[in-house]
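Right, one structure below, let's go through it.
The values are calculated or read from the model by the stated rules, or taken from the named source; none is laboratory data. Keep in mind that this is a model prediction, so the values were computed, not measured. Please note: Cβ atoms are built from the backbone with ideal geometry, for glycine as well, and neighbour counts cover all protein chains shown.
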Ligand code: AMP
């Protein structure tokens with residue numbers, strides 16, 4: 001297959017980025033080894049890369065420990081008295097943890113885990129709100145070599161149980177609750193419901209956050225506070241193989257079951273340490289705030305592992321962005337003197353709705369750099385962000401990456417060199433990343449022609465596999481274009497080599513930046529007794545990017561009604577969680593399908609959004625233009 005470099009550097013005038021990128025392409029292993037030496041290793045590797053397609057193992061033979069990198073190395077320096085975490089609770093309570101406090105807590109939490117029988121290689125499920133105990137437990141797991149899986153606290157009991165059972169977690173760690181928009185969320189109740197269906201969970205460890213009374217089951221449930229009394233002050237960090245898993249994080253794919261994305265210890269940390277410097281130009285004096293939830297990959301890499309590996313001061317906020325008022329975030333930026341602010345286009349669009357007057361009260365002059373992640377940022381939101389939050393002073397790094405990539409892959413890199421920005425474009429690939437846009441046959445697309453975004457070479461942050469299912473890993477990412485990692489996204493590349501990511505090419509939705517598979521949503525719908533068949537599509541939304549629309553065929557004996565619609569929405573909440581509640585449920589007699597039985601989602605999408613079906617390109621449907629048009633007319637008529 002013909003290969004062309006991902007950027008045509010002969011036209012590229014900017015020396016520094018060009019120089020680094022080329023070095024990374026000419027000698028990738030030498031380049032990544034140089035980056036790896038920036039971290040403290042207990043033992044250096046024997047081999048930089050062991051590439052047995054599609055499985056890559058980085059820094060083979062090397063030994064290191066994530067908690068040593070994120071905490072211990074800093075307490076050996078003046079940073080022991082530096083702030084690691086400024087935490088702000090939704091009700092306004094605050095905690096400030098220095099690196100030495102973080103070190104002490106990580107050790108004590110690691111001791112608690114050991115004392116209740118958690119060993120190297122065991123799986124630990126974390127179902128916690130945005131409180132400091134969440135990163136502390138992640139680091140404590142890493143310290144003793146246990147593998148954590150963080151489950152977003154917005155998921156329901158069933159979604160939580162599915163993930164726990166897939167991984168066979170030994171212990172579930174949760175809290176008595178959390179605050180969200182002034183309300184108390186009782187996570188323990190959800191955990192209690194979950195463990196009825198999770199035979200591997202022997203203990204439930206509970207963090208006290210709200211102080212609201214929760215029921216504790218004797219012999220199974222334990223308060224963290226009680227165990228901390230017995231905890232040792234020092235637990236030596238376990239020397240982990242670079243290729244040992246650090247964590248497993250579930251994400252949606254194109255089949256029903258969420259995929260357990262397995263990340264390595266060495267490759268993941270090396271990649272994130274490097275990418276974080278290139279993208280955010282982190283400095284000793286930076287105060288960095290990423291508004292994501294730790295339950296998603298952005299939270300793992302960009303709140304916990306990358307910033308802490310640099311000894312950065314981070315801000316962490318528990319609650320809703322608009323509580324108690326729409327100015328909560330700007331208040332936090334002023335209060336902590338945030339210099340780097342990283343958020344999602346959905347949040348920006350939410351604030352745009354309320355105008356810029358809310359901002360005037362606050363001093364945002366500490367900000368130096370802004371970031372965006374989760375979905376493409378529309379130029380209008382980009383400009384609003386640039387003008388009103390960044391006061392036309394701060395560059396915006398629009399960072400493209402995914403759960404699978406482990407770290408940021410395509411973005412501006414002010415930490416190397418600030419290149420011109422184009423609103424709506426994620427810019428150029430990071431050093432070491434050979435990104436391309438290809439057509440259906442895997443051939444490079446023409447300039448500005450829509451195609452599939454692929455990555456040619458393995459990179460250290462790449463997932464190891466899908467937990468328990470290497471075959472699914474090979475199928476999902478490597479079979480469509482042999483030898484190239486398939487991202488599942490559409491993109492174009494312009495004549496400057498800048499990438500423009502156009503959204504998912506597969507059956508995955510991005511609702512407020514959260515990834516949810518249509519099949520997962522369809523399975524949830526048909527698990528309702530009234531639904532015989534269902535199809536789910538995304539509808540364009542001015543704030544959330546996409547909202548969920550369900551087309552449902554009812555079983556015999558059920559009548560379409562507003563009450564049934566509400567009931568189905570509630571059912572989604574029960575099965576997956578509040579993130580999965582559809583905006584609309586349409587009841588139909590038939591679903592548009594191709595001759596081979598594939599649902600024509602394009603038709604459903606057009607009907608849901610009340611738009612024409614537009615050009616039918618071969619990229620998106622196997623059906624003929626006539627078939628698609630006919631199905632579209634029929635469906636519209638039937639509604
Ligand atoms: P997740 O794995 O949940 O982080 O979702 C990854 C997906 O989010 C990608 O495959 C893209 O579809 C989308 N995405 C993330 N960041 C960006 C971005 N900066 N621009 C466009 N799409 C993005």
- Item | Output for the range 538-553, where each listed residue is surrounded by fewer than 19 Cβ atoms within 10 Å (Cβ to Cβ) and over 17 Å from residue 511 (Cα atoms) | 553
- Item | Single residue of 208, 196, 202, 183 found to be surrounded by fewer than 20 Cβ atoms within 10 Å (Cβ to Cβ), over 26 Å from residue 515 (Cβ atoms) and out of contact with any strand residue (DSSP E or B) (no Cβ under 8 Å at 6 or more places or on another chain) | 196
- Query: Looking at (1) touching a residue at least 12 places away in the same chain (Cβ under 8 Å); (2) closer than 30 Å to residue 456 by Cβ; (3) out of contact with any helix residue (DSSP H, G or I) (no Cβ under 8 Å at 6 or more places or on another chain), can you tell me which one residue 45 breaks?
  - Reply: (3)
- With respect to the numbered conditions (1) assigned to a helix (DSSP H, G or I); (2) closer than 26 Å to residue 527 by Cβ; (3) touching a strand residue (DSSP E or B) at 6+ places or on another chain (Cβ under 6 Å); (4) free of Cβ contacts under 8 Å to residues at least 60 places away in the same chain, which one is the sole condition not fulfilled by residue 137? (2)
- Failed criterion for residue 487 (all others in (1) over 30 Å from residue 442 (Cβ atoms); (2) in contact (Cβ under 8 Å) with a residue 24 or more places away in the chain hold): (1)
- Query: Mind checking which residues of the range 234-254 are away from the ligand (no atom under 16 Å from the Cβ) and either assigned to a strand (DSSP E or B) or in contact with a helix residue (DSSP H, G or I) (Cβ under 6 Å, 6 or more places away or on another chain) (or both)?
  - Reply: 234, 235, 237, 238, 240, 241, 242, 245, 246
- Say whether the condition of being away from the ligand (no atom under 13 Å from the Cβ), farther than 15 Å from residue 255 by Cβ and in a helix (DSSP H, G or I) is met by at least one residue in the range 524-541. yes
- Task: Working carefully through the options 431, 423, find the one that is more than 14 Å from the ligand (Cβ to nearest atom) and either touching a strand residue (DSSP E or B) at 6+ places or on another chain (Cβ under 9 Å) or at positive phi (or both).
- Result: 431
- Query: Tally time: how many residues in the range 384-412 are within 16 Å of the ligand (Cβ to nearest atom) and part of a helix (DSSP H, G or I)?
  - Reply: 2
- Query: Which of the following residues is within 16 Å of the ligand (Cβ to nearest atom), in a loop (DSSP other than H, G, I, E, B), modelled with pLDDT of 95 or more and in contact with a helix residue (DSSP H, G or I) (Cβ under 9 Å, 6 or more places away or on another chain): 374, 415?
  - Reply: 374
- Task: Being surrounded by fewer than 20 Cβ atoms within 10 Å (Cβ to Cβ), in a loop (DSSP other than H, G, I, E, B) and more than 11 Å from the ligand (Cβ to nearest atom) is the filter here, so list the residues in the range 482-511 that pass it.
- Result: 482, 483, 494, 495, 496, 497
- Search result, residues across the range 307-317 that are over 14 Å from residue 40 (Cα atoms) and touching a helix residue (DSSP H, G or I) at 6+ places or on another chain (Cβ under 7 Å): 307, 314, 315, 316, 317
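Matching residues to (1) closer than 13 Å to residue 575 by Cβ; (2) without any contact (Cβ under 8 Å) to a residue 40 or more places away in the chain; (3) touching a helix residue (DSSP H, G or I) at 6+ places or on another chain (Cβ under 9 Å):
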residue: 492; (1), (2), (3): no, no, no
residue: 521; (1), (2), (3): yes, no, yes
residue: 524; (1), (2), (3): yes, no, yes
residue: 533; (1), (2), (3): no, no, yes
residue: 539; (1), (2), (3): no, no, yes
residue: 543; (1), (2), (3): no, no, yes
- Query: Which number in (1) surrounded by fewer than 24 Cβ atoms within 10 Å (Cβ to Cβ); (2) over 17 Å from residue 204 (Cβ atoms); (3) out of contact with any helix residue (DSSP H, G or I) (no Cβ under 6 Å at 6 or more places or on another chain) marks the one condition that residue 115 misses?
  - Reply: (2)
- Message: Of everything in the range 118-144, what is farther than 21 Å from residue 185 by Cβ and surrounded by fewer than 23 Cβ atoms within 10 Å (Cβ to Cβ)? Give them in sequence order.
- Response: 118, 119, 120, 121, 122
- Message: When you check residue 294 against the structure, is it within 21 Å of residue 392 (Cβ to Cβ), in contact (Cβ under 8 Å) with a residue 12 or more places away in the chain and part of a loop (DSSP other than H, G, I, E, B), yes or no?
- Response: no
- In the range 96-119, what count of residues is obtained for those that are within 18 Å of residue 70 (Cβ to Cβ) and not in a helix (DSSP H, G or I)? 3
